[in-house]
1. Just the residues that are among the small types (Gly, Ala, Ser), touching a strand residue (DSSP E or B) at 6+ places or on another chain (Cβ under 7 Å) and not in a strand (DSSP E or B), please, taken from the range 115-163.
2. Sort out which residues of the range 131-162 are at pLDDT below 95, surrounded by fewer than 17 Cβ atoms within 10 Å (Cβ to Cβ) and charged (D, E, K, R), and write them in order of number.
3. Name the residues in the range 92-139 that are of a type in the set (Asp, Glu) and closer than 15 Å to LEU71 by Cα, would you?
4. Is there a residue in the range 216-224 that is in a loop (DSSP other than H, G, I, E, B), among the polar types (S, T, N, Q), surrounded by fewer than 20 Cβ atoms within 10 Å (Cβ to Cβ) and at pLDDT below 95?
5. Starting from the range 241-264, keep only residues that are over 25 Å from GLN216 (Cβ atoms), then list their pairs with residues that are among the charged types (D, E, K, R) and buried (at least 17 other Cβ atoms within 10 Å of the Cβ) whose Cβ atoms are within a distance under 8 Å, requiring at least 6 positions of separation or different chains.
6. Give me the pairs, please: first residue somewhere in the range 131-151 and closer than 24 Å to GLU257 by Cα and assigned by TED's automatic domain parsing to the domain that holds ASP184, second residue anywhere and acidic (Asp, Glu) and modelled with pLDDT under 95, beta-carbon distance under 7 Å, and either six or more positions apart or on two chains.
7. Pick out the one residue from ASP122, ASP168 that is at pLDDT 90 or above, charged (D, E, K, R), within 22 Å of ILE211 (Cα to Cα) and under 12 Å from the mean Cα position of the chain (by Cα).
8. Mind counting the residues in the range 179-208 that are in contact (Cβ under 8 Å) with a residue 12 or more places away in the chain and either surrounded by 15 or more Cβ atoms within 10 Å (Cβ to Cβ) or closer than 21 Å to GLU167 by Cβ (or both)?
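The values are calculated or read from the model by the stated rules, or taken from the named source; none is laboratory data. Just so you know, these numbers come straight off a predicted model, no measurement behind them. Glycine also receives a Cβ, built like all others from the backbone with ideal geometry; neighbour counts cover every protein chain displayed.
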Amino acid sequence: MDAMDVLEEDLIAEAVSAIETEVETYVGTHKLTSLIIPFLVTLILIIIGGYLMKKHSLITSNKRSFVICGLQGSGKTNLFHLLTNGKLPILTVSTLEPKSGDLLLNEEFTNHKTFQDIEIIDFPANSKLKNLYLLPYFHDKINEIQGIIYMIDSSNFDTKSCHQVAEDLFEIMNITEGKPNGIDFMIFANKNDLFTSKKTNKIKEMLESEIGKIHQLKLRSLNNVEDTDDDKDNLDIATKDGKFQFQLLDGNVDFAEGNIFKDKYSKIMDWLYEKIVN
């Protein structure tokens, strides 16, 4: 039984206890027949069960999934709307829980069986919510994930944001590289046409350097403690002569640039279709 199952059972148990107490109080006050109690409890449990099933449906989905993640302000939620609705939302707010939707296909692919049941999932960027939703999803559904799109705001990519992205990718890739052949990534440099934007080759260079530093620190800390499954190092294969390199990972890592706010995201669509076919 995993942590999500335990959480659901605890929620249901608490709900049942509260419901029974309230119903007994109500019955005692209004002198209703005891036959009403099981009916009311059953009805409310159905409502609670429906809510929990909807809330955690991402964990039980059988569709082939592509995950969108990234830092706040990178444009990931806007990309989610483009890929599922074909247009940008009028207003976006920070994502507080995962959102899923079917990939909106070009007309030429709509009747092809290969392209059916493709799900796009947008995960919250907040670090606490990431630990609540994103990392457990990777652990539980590693075999259903077809690819990961990691969004970067290239117009605001400095040393601080590079470190944040590197920590994110290190944590995610340490999970995905535990799968045979890994999982493919598309690292998309959004807003690349702005004056302050960094090009993908520079972003790649900065990230490899920063992930390498994080990896070395991780190794030093592991040498001082007893190894556990959670501490398993799956990125060692991507380190050569002390330097981390994306090209050495089992999963392919592609870099692309564009601006989703100006309808320049065809490289993402091409990558998605390629991964679906292959």
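1. Passing the criteria: ALA125, SER154.
2. ASP140, GLU144
3. Hits for the range 92-139 are GLU97, ASP122.
4. Yes; the residues of the range 216-224 include at least one that is in a loop (DSSP other than H, G, I, E, B), among the polar types (S, T, N, Q), surrounded by fewer than 20 Cβ atoms within 10 Å (Cβ to Cβ) and at pLDDT below 95.
5. ASP254/ASP184; ASN259/LYS191; PHE261/LYS191
6. none
7. When all the criteria are applied, what remains is ASP168.
8. 20
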